[in-house]
Amino acid sequence: MSLLTLRDVSYRYPINDWESLKHVSLDIEKGSFYAVIGANGAGKSTLCNVLRGFIPHFFNGELKGEVTLFGKRVQELELGDLAERIGYLFQNPFTQITGAKDTVFEEIAYGLENLGLEPALIKQKVEEVIERLRLGPIADKNPTELSGGQKQRVAFASVVVMDPEVLIIDEPTSQLDPQGTEDIFRIIHLMKERGKTIILVEHKMEWIAEYADQIILLENGELVMQGDTKTILSDPKVKAHGGSLPQYAELGLRLKQEQLVTEVPITRAEAEQVCAPLRKGAGQ
């Protein structure tokens, strides 16, 4: 079932004389995890802005083609209506922390308060999210005094607590260390297990290979490759279009070229399995 659909969509920002998206057609299916990849300037954030409804409601410019969100044309929907169904996590958590609350608990509750929920229900929902995202040790701390990784997790919790159907996440780990990155992908995986539809812009290919169902590759605003993660991330054409491959796929492609393996792995587990006969042969 397609929740979000683009048909021959092009978009030009008001200050530009070129199109940031060009003739993009795309179906986002319920419950799937999509990773959007490509070089800087490929149109990844613009695609997210279209899928979130920021285009055309917040950004002006010229939108061509048809954008359908939850069965309705985007022009027929209000941003407020979309906010309850699509959660958006920005790249920089500093822009998502409101600064209006003194504790992490209150910060997470802020969106629910704006919806007018009963205090008891708000407390219940916030406590559930804090437990699920392991934020208990910082629940009483001031959000403005947290580390970048902690702020990102709190920003994530503020979106998750609203229980949106779709999560659009724009490079959440770009400023995080390996532990922070692992924490964020653990949360994303939890959301996928709960049946959420996830659209993630990310450059860390090893993590994408591990968790994503589908890959969307953009180049200069065009959708140049799309398909299941295994198929796309084992294809050398990805690099020709400005994308990157996991290190295990890079190794696998070299071994395949030397006719040492027939399958290109994209994860560590796959690489260990594919390379096991080679190690066994070397030891004999």
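The values are calculated or read from the model by the stated rules, or taken from the named source; none is laboratory data. Since we're looking at a predicted model, the values are computed, not measured. Because the Cβ atoms are built from the backbone with ideal geometry, glycine has one as well, and the counts that use them run over all protein chains shown. For accessibility, only protein heavy atoms count, side chains too; no ligands or nucleic acids. Shrake-Rupley method; radii C 1.70, N 1.55, O 1.52, S 1.80 Å.
Quick rundown of the values:
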quantity: All positions within the stretch 166-188 that are aliphatic (A, V, I, L, M) and either within 21 Å of Leu21 (Cα to Cα) or assigned to a strand (DSSP E or B) (or both); calculated: Val166, Leu167, Ile168, Ile169
quantity: Residue count for the stretch 107-125, restricted to those that are surrounded by 14 or more Cβ atoms within 10 Å (Cβ to Cβ), touching an Asp or Glu at 6+ places or on another chain (Cβ under 9 Å) and of a type outside the set (D, E, K, R); calculated: 1
quantity: Identity of the residue in the stretch 74-91, charged (D, E, K, R) and without any contact (Cβ under 8 Å) to a residue 40 or more places away in the chain, that ends up surrounded by the most Cβ atoms within 10 Å (Cβ to Cβ); calculated: Asp81
quantity: Residue that is of a type in the set (Gly, Ala, Ser), surrounded by fewer than 16 Cβ atoms within 10 Å (Cβ to Cβ), on the phi > 0 side of the Ramachandran plot and within 21 Å of the chain's Cα centre (by Cα), where the choices are Gly71, Gly41, Gly53; calculated: Gly41
quantity: Members of the stretch 241-267 found to be among the polar types (S, T, N, Q), assigned to a loop (DSSP other than H, G, I, E, B) and under 27 Å from the mean Cα position of the chain (by Cα), listed by number; calculated: Ser244, Thr267
quantity: Filter result (assigned to a strand (DSSP E or B) and within 12 Å of the chain's Cα centre (by Cα)) within the stretch 189-235; calculated: Thr197, Ile198, Ile199, Leu200, Val201, Gln214, Ile215, Ile216
quantity: Enumeration of residues in the stretch 92-106 that are surrounded by fewer than 17 Cβ atoms within 10 Å (Cβ to Cβ) and either within 30 Å of Ser2 (Cα to Cα) or of a type in the set (Lys, Arg) (or both); calculated: Asn92
quantity: Test: Lys22 is in contact with a strand residue (DSSP E or B) (Cβ under 7 Å, 6 or more places away or on another chain), closer than 20 Å to Glu84 by Cα and open to solvent by 10 Å² or more (accessible area, probe 1.4 Å); calculated: no
quantity: Subset of the stretch 35-63 (residues that are of a type in the set (A, V, I, L, M, F, W, C) and assigned to a helix (DSSP H, G or I)); calculated: Leu47, Cys48, Val50, Leu51, Phe54, Ile55
quantity: Residues of the stretch 190-206 that turn out to be farther than 23 Å from Thr46 by Cβ and open to solvent by 40 Å² or more (accessible area, probe 1.4 Å), as a count; calculated: 5
quantity: Test result for Pro143, open to solvent by 60 Å² or more (accessible area, probe 1.4 Å), over 28 Å from Leu3 (Cβ atoms) and over 21 Å from the mean Cα position of the chain (by Cα); calculated: no
